[in-house]
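Colleague: This is the structure I want to talk about, given as structure tokens.
Please treat every number below as a calculation from the coordinates, not as lab data. In this text, all values refer to a predicted model and were calculated from it rather than measured experimentally. Don't worry about glycine lacking a Cβ; one is built from the backbone with ideal geometry, like all the others, and counts go over all protein chains shown.
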Ligand SMILES: [Zn+2]
């Protein structure tokens, strides 16, 4: 039943995605006719004698230039959004997805990648032979078994622990998507419309016929701002024309009334949506982040550098170790116990690359670790030059995930959390000094809180 409902929803969305741009361009064509012919020509260039106006060619030219510039300004980002939705919608690649043959057939058949998934399932199952399975048939991950080294984790973890910070769950594993059976990179959300995980997903937008995500969010903001300017301009112009016609003519041009009504509707819609979108962008929040933001808690795996490891608090281990007086929980990648047993060929290379110890830190309820500053939040979305802000060509800087630090730039909250956990340099050094002083006093005491 649920699958039927989803399938109906998806096919409706698909048709809406095709119909809405056509309707929108139809309305724009009609509005252009009314502004050019009914307003510029019949009102400003050749006004009827009853109106008592003189011909105003310069005003007409000014209106035409402003109108067509504003039209182009919203149409270009709109077309760019649709192009990005088709070519690069920010989906998390499937190639490392772990699927069970029994459960993947429905979704994958729809997405035309049945063969690819079968091959993946086969490979994964072969890799898992004799070591048990890390997930139940419904896709739920057996975190305990993975952390204790009883089963190898699904592939792809190295993309997370090669960074210094990544978003994790309370156990220190990255977030797992039950639907895709794949790890979710930071700020990824599973879209039920697409049946796929989408990076920095914002929302499904019927007006652009797809998901607004990290790859097109910037163009979406530009589209809303320019559309609000354009419809606001048309609304003011036509309101003026109607007010003059009402005073002098027996009846008002009905075409002008219709376009005035449509422009007003679109103005309030785009200005309202644009305002709330920019408000969230200033806070570096997506629409998804904003849902239930008040009590949301992030867990972050923060790499412990050697100094901090030597001088810091004594942590408890999420995967196997015995904790002292825990200041934070620690998880070490790759999972050593499994590697030492040598049961899994995939882990051999991980052993060679060395262990990465991470502290699992928890944000206060409702705080956003991605908030940098209002300006930097906007720059990460819109770009670092005026032209980047105005023109819909370059991607947002936040689409670049190549930094070894983290997938997205982290804000001062994370520095504060590291500091509080004794992981940042300054605090580590002062802790180290304290520790030495305390040791001189009491040689048996070795835990620092
Ligand atoms: Zn997913």
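Colleague: Tell me, 218, 184 in order of fewest to most beta-carbon neighbours within 10 Å? Please list the in-between numbers first.
Modeller: On the way: 218 28, 184 19.
Fewest-to-most Cβ neighbours within 10 Å comes out as 184, 218.
Colleague: Using alpha-carbon positions, what is the distance between the centroids of segment 220-277 and segment 1-29, in Å?
Modeller: Taking the Cα centre of each part, segment 220-277 and segment 1-29 sit 26 Å apart.
Colleague: Please rank 188, 8, 215, fewest neighbouring Cβ atoms within 10 Å first, as an exposure proxy. Display every interim value, and only then the final one.
Modeller: Values: 188 27, 8 10, 215 22.
Ranking 188, 8, 215 by Cβ neighbours within 10 Å, fewest first, gives 8, 215, 188.
Colleague: For labels at residue 391 and residue 276 in the simple 7 Å Cα→Cβ model, what's the distance in nm?
Modeller: Going from the residue 391 label point to the residue 276 one covers 3.3 nm.
Colleague: Apply 1/(1 + (r/R0)^6) to the Cβ-Cβ distance of residue 79 and residue 54, taking R0 = 51 Å, and write down the FRET efficiency to the nearest 0.05.
Modeller: Values: r = 40 Å, r/R0 = 0.78.
It comes out at approximately 0.80.
Colleague: Okay, next question. What FRET efficiency comes out for the pair residue 64/residue 22, r = Cβ-Cβ distance, R0 = 25 Å, nearest 0.05? Please list the in-between numbers first.
Modeller: Values: r = 25 Å, r/R0 = 1.01.
Between residue 64 and residue 22 the formula returns 0.50.
Colleague: With just the Cα atoms defining each centre, how far is segment 380-422 from segment 177-203? Give it in Å.
Modeller: 20 Å
Colleague: How do the peptides 31-41, 291-301 rank, highest first, by the average count of neighbouring beta carbon atoms within 10 Å per residue?
Modeller: Working: 31-41: 18.6, 291-301: 15.1.
Top to bottom by mean Cβ count within 10 Å: 31-41, 291-301.
Colleague: Let me ask another. For the pair residue 355 and residue 416, how long in nm is the line joining their label points, each one 7 Å along Cα→Cβ?
Modeller: 3.3 nm
Colleague: Now for a separate question. Would you mind putting 12-19, 189-196, 390-397 in packing order, based on average other-beta-carbon counts within 10 Å, highest first? Walk me through the numbers before you get to the answer.
Modeller: On the way: 12-19: 13.2, 189-196: 18.8, 390-397: 16.6.
In decreasing order of mean packing, 12-19, 189-196, 390-397 become 189-196, 390-397, 12-19.
Colleague: Highest mean first, what order results for 222-233, 364-375, 138-149 on Cβ atoms within 10 Å? List each step's numbers first, then the result.
Modeller: On the way: 222-233: 22.7, 364-375: 15.2, 138-149: 16.9.
Per-residue mean Cβ counts within 10 Å order the peptides as 222-233, 138-149, 364-375.
Colleague: Once you place label points 7 Å from the Cα toward the Cβ at residue 140 and residue 243, how far apart are they in nm?
Modeller: About 6.5 nm, to one decimal.
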